[in-house]
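Chemist: My structure is below; once you've seen it, I'll send some questions.
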Amino acid sequence: MAGRGIILAVGLALHASAMAQTPPPFLPPRTQNGHPDFQGVWSSRWLTPLERESADLPLALSQEQAVALEARIRARQQRPTNLCPETANWEGPLAVVRGEIRSSLIVDPPDGKLPYGPAGKAANDAWSKDLGAPGASDPESRVRVERCISGVGWAPLQIRSSAMLHQIVQTGDHVVLHTEAYSDLRIIPLDRAPPVREVLTPTSESVARWEGDTLVVETTRLDAKNAVRGLVIVMSADAKVTEWFTLLSPDQLLYRYTVDDPAFYSRPWTVEYVMLRSSERIYEFACHEGNYSLANILSGARRMEQPTAAKAVKN
């Protein structure tokens, strides 16, 4: 009996020691309304590509696999003709989510690839061709971002070189997402649908709700003209984007979104990454004030249309 008592005492002591070393669960700071306080500036400087490089890579990488993948991505970035979205991230490392080094932002489907349907593949091919050699007949023939028209801060948030900082502001009945690039501003009502006259973004409408400590944002009614012209992804006008924002720690905000678009994709697909709290400031994105390149592109194209100019260039 004495032996059993000693064993029990030792076991209880070890259990107590383990409990003492376990960090307490994270309790997010709260707003006056009792919801988690996300307010501040958040950075998404990650090198991880949207789609997985190959089926041979797992979602969670070993340190050796991560070093090799980063080297390959850096090498691709050096190609002057590379239009891959990875060129957006010269600064950051591969994304780390819950301690895992990720090989792709896409977590579902399991292969990390966009599940294009025929219409989606055609739209993406047309967009890629337009991005590489857009027309110069008029301003509308140029890509939207080149024309200083917003498009990188709407749902879903995409990791781009000019869109790595997002500021979140919360009120009792709205959530505001401000992206540095193009001064994109999403004013999202909480727990109510926006009235028809209140178009909250140039390309879609969003409404938010709380599910426990997670903020859920649903976006629909994408503009048919602009929906297919994305920076990394294409979506049809009937797509639905659902975003989830969850604080993992004081300095980590988990961002997850699902695109449900039967017209362009064979199944819904989901992306996940973490935003890190930043002390940086968001500055004015004065694109139109200094956007001389668009006028010069168009005037140069008109000049090239002149027979004498075209002949001189060829010679």
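The values are calculated or read from the model by the stated rules, or taken from the named source; none is laboratory data. Quick caveat: nothing in here was measured; it's all calculated off a predicted structure. We place every Cβ from the backbone using ideal geometry, glycine too, and count neighbours over all the protein chains shown.
Chemist: State all residues of region 63-86 that are of a type outside the set (Asp, Glu), under 25 Å from residue 128 (Cα atoms), at pLDDT 75 or above and part of a helix (DSSP H, G or I); if no residue qualifies, say none.
Modeler: Step one: list which residues in region 63-86 are of a type outside the set (Asp, Glu), which gives 63, 65-69, 71-85.
Narrowing further to those that are under 25 Å from residue 128 (Cα atoms): 69, 71-85.
After this cut, where a residue has to be at pLDDT 75 or above as well, the list is 69, 71-78.
Answer for region 63-86, where residues must be of a type outside the set (Asp, Glu), under 25 Å from residue 128 (Cα atoms), at pLDDT 75 or above and part of a helix (DSSP H, G or I): 69, 71, 72, 73, 74, 75, 76, 77.
Chemist: For region 242-273: of the residues being aromatic (Phe, Trp, Tyr) and either without any contact (Cβ under 8 Å) to a residue 60 or more places away in the chain or not in a loop (DSSP other than H, G, I, E, B) (or both), which is farthest from residue 99 (Cα to Cα)?
Modeler: Looking at residues that are aromatic (Phe, Trp, Tyr) and either without any contact (Cβ under 8 Å) to a residue 60 or more places away in the chain or not in a loop (DSSP other than H, G, I, E, B) (or both), I get 265.
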